[in-house]
């Protein structure tokens, strides 16, 4: 596999480091599915991805762009906002 060209997960795992036999790493979403999940327009995701400012690493599989669900969930968790006083250990 070549370089991981996704820009949303700078410094995280390379695509070649992912064990796709694990079910959590075998579910991919299309751009439209991710847009529905985040309630944004697909065009917004496409524009950000093209500019290199996309939030989540994407994969080109057979010419189609896909987003790994595990990457999406990791991004969502990392952007979770706790009310003041909650989530502090």
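No value in this document is a laboratory result; all are computed from the given coordinates. None of the values given here were measured: they were computed from a predicted structure. All Cβ positions, even for glycine, are placed from backbone atoms using ideal geometry, and neighbour counts span all protein chains on display.
A few points about this structure:
- Ordering of 35-45, 62-72 by packing is 62-72, 35-45, highest average first (other Cβ atoms within 10 Å, averaged per residue).
- Cα-based convex hull, the range 20-78, per residue volume (Å³, whole number): 83
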